[in-house]
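The values are calculated or read from the model by the stated rules, or taken from the named source; none is laboratory data. The structure displayed is predicted, hence computed values, not measured ones. As a convention, Cβ positions derive from the backbone with ideal geometry for all residues, glycine included, and neighbour counts pool all protein chains shown.
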Amino acid sequence: MNIIAVDVGNTNTKVALFLDSQEQPIKIIKNTNRKELAETIANYWDQIPVSKRSTEGKRDGVIVMCSSNPVGSRLVKDIASEELGEKVLEIGFDKDIPIPIKLGVPYPANVGVDRAVAAAAAYFVVGDSVVVADFGTAITIDLVDEEGVFRGGLISPGLEVMAKSLNDNTTTLPNVELKKPLLAFGQDTEEAINCGILYASAGLLEHATRRYAEDLGKWPQTIVTGQMAPYIKDDCDFVDNWVPSLVIKGIVLSYKKYIEDKLGDDS
């Protein structure tokens with residue numbers, strides 16, 4: 001199975017190529033860089049072999065997208081259509097591919113598709129209750145119960161958003177470059193901000209996981225993902241696994257489940 005998986009986020013787009021289900025290196029591209037995004041998608045598409053059954057040189061692959069950014073979604077679809085003559089299959093409600101997990105919330109259509117797809121990927125691996133924490137532009141910490149039902153979660157400002165907010169809303173605090181604090185406490189303003197943001201984020205994950213565990217009646221496994229997750233995982237010894245691109249894996253899972261269900265319906 002050959003898939004180009006596209007995860008369109010608030011700030012960046014991740015593009016991954018799977019050849020015969022084997023993952024190739026993932027590219028992370030700023031949403032504003034149309035040229036690089038188009039070149040990456042075209043390059044990956046050229047690596048997909050031509051279908052043996054095609055008389056028109058059609059490639060044996062698909063482009064599958066999960067998006068939390070409507071403008072970014074439109075850009076990816078335009079690139080695929082204008083430069084490759086291909087349609088992008090999108091995951092979501094009333095989209096091409098259904099969300100591969102049951103959403104046990106009052107308004108399931110309001111759940112971010114990226115959150116649901118990441119939760120599905122985590123549960124597929126764990127097979128039990130799991131907390132999925134994504135540290136990107138926003139922090140999302142979601143719970144899937146032992147039956148594989150997405151129960152909900154929380155959304156908070158991401159680490160870089162916190163840093164920018166301090167700079168935007170004060171007269172003297174700088175917009176710092178986030179990095180691991182050298183000591184337990186900051187000895188200058190930049191280190192103090194780094195400590196504050198890191199501890200706030202790690203504390204949020206620990207508190208949320210504990211509250212979820214109280215609701216479940218047991219401590220769930222915890223998986224972290226997202227570009228800023230490396231800043232957090234080492235300060236939370238209860239984290240079981242770090243998966244850098246969990247949404248990408250969820251995109252592939254969603255497509256495979258869609259094909260399996262479709263084949264089952266046709267039989």
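So how many residues does the stretch 77-110 have that are exposed (fewer than 15 other Cβ atoms within 10 Å of the Cβ) and part of a helix (DSSP H, G or I)?
The qualifying residues number 7.
Residue 27 passes all but one of (1) farther than 15 Å from residue 246 by Cα; (2) without any contact (Cβ under 8 Å) to a residue 40 or more places away in the chain; (3) not small (Gly, Ala, Ser); which number fails?
Looking at each condition in turn, residue 27 falls short on (1).
In the list 227, 221, which residue meets the criterion of being over 25 Å from residue 162 (Cα atoms) and surrounded by 17 or more Cβ atoms within 10 Å (Cβ to Cβ)?
Details: 227 fails: over 25 Å from residue 162 (Cα atoms).
Step by step, each of 227, 221 is checked, and only 221 is over 25 Å from residue 162 (Cα atoms) and surrounded by 17 or more Cβ atoms within 10 Å (Cβ to Cβ).
Pick from 197, 193: which is buried (at least 16 other Cβ atoms within 10 Å of the Cβ), under 21 Å from residue 9 (Cβ atoms) and over 19 Å from the mean Cα position of the chain (by Cα)? Give the derivation first.
On the way: 193 fails: under 21 Å from residue 9 (Cβ atoms).
None of the other options fit; the residue is 197.
Yes/no per residue for (1) charged (D, E, K, R); (2) outside the structural domain of residue 158 (by TED's automatic domain parsing); (3) in contact with an Asp or Glu (Cβ under 7 Å, 6 or more places away or on another chain); (4) touching a residue at least 60 places away in the same chain (Cβ under 8 Å):
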{"site": "112", "(1), (2), (3), (4)": "no, no, no, no"}
{"site": "118", "(1), (2), (3), (4)": "no, no, yes, yes"}
{"site": "121", "(1), (2), (3), (4)": "no, no, no, yes"}
{"site": "128", "(1), (2), (3), (4)": "yes, no, yes, yes"}
{"site": "135", "(1), (2), (3), (4)": "no, no, no, yes"}
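Check residue 52 against each of (1) surrounded by fewer than 20 Cβ atoms within 10 Å (Cβ to Cβ); (2) in contact (Cβ under 8 Å) with a residue 60 or more places away in the chain and name the one condition it does not meet.
For residue 52, the failing item is (2).
Of the residues that make up the stretch 125-137, is at least one among the charged types (D, E, K, R), part of a strand (DSSP E or B), touching a Leu at 6+ places or on another chain (Cβ under 8 Å) and within 18 Å of residue 233 (Cβ to Cβ)?
yes
Cβ-Cβ below 8 Å, separation at least six or inter-chain, first residue in the stretch 2-15 and in the same structural domain as residue 28 (by TED's automatic domain parsing) and among the acidic types (Asp, Glu), second surrounded by fewer than 24 Cβ atoms within 10 Å (Cβ to Cβ) and part of a loop (DSSP other than H, G, I, E, B): which pairs?
7/245
Being modelled with pLDDT under 95 and surrounded by fewer than 21 Cβ atoms within 10 Å (Cβ to Cβ) narrows it down to one residue among 74, 59; which is it?
Working: 74 fails: modelled with pLDDT under 95.
Of 74, 59, the one residue that is modelled with pLDDT under 95 and surrounded by fewer than 21 Cβ atoms within 10 Å (Cβ to Cβ) is 59.
Take residue 128 and tell me if it is of a type in the set (Asp, Glu) and within 19 Å of the chain's Cα centre (by Cα).
On the way: of a type in the set (Asp, Glu): yes; within 19 Å of the chain's Cα centre (by Cα): no.
Considered against the rule, which asks whether it is of a type in the set (Asp, Glu) and within 19 Å of the chain's Cα centre (by Cα), residue 128 comes out as no.
Pull up the stretch 215-257, narrow it to residues that are of a type in the set (D, E, K, R) and either under 12 Å from the mean Cα position of the chain (by Cα) or under 26 Å from residue 15 (Cα atoms) (or both), then point me to the one that is modelled with the lowest pLDDT.
Checked the stretch 215-257; the qualifying residue modelled with the lowest pLDDT is 233.
When you check residue 167 against the structure, is it surrounded by fewer than 20 Cβ atoms within 10 Å (Cβ to Cβ) and more than 22 Å from the chain's Cα centre (by Cα), yes or no?
The answer is yes for residue 167.
Pick from 149, 176, 144: which is in the same structural domain as residue 114 (by TED's automatic domain parsing), out of contact with any helix residue (DSSP H, G or I) (no Cβ under 7 Å at 6 or more places or on another chain) and surrounded by 14 or more Cβ atoms within 10 Å (Cβ to Cβ)? Lay out the reasoning, then the answer.
Working: 176 fails: out of contact with any helix residue (DSSP H, G or I) (no Cβ under 7 Å at 6 or more places or on another chain); 144 fails: out of contact with any helix residue (DSSP H, G or I) (no Cβ under 7 Å at 6 or more places or on another chain).
Selected residue: 149, the only one of 149, 176, 144 that is in the same structural domain as residue 114 (by TED's automatic domain parsing), out of contact with any helix residue (DSSP H, G or I) (no Cβ under 7 Å at 6 or more places or on another chain) and surrounded by 14 or more Cβ atoms within 10 Å (Cβ to Cβ).
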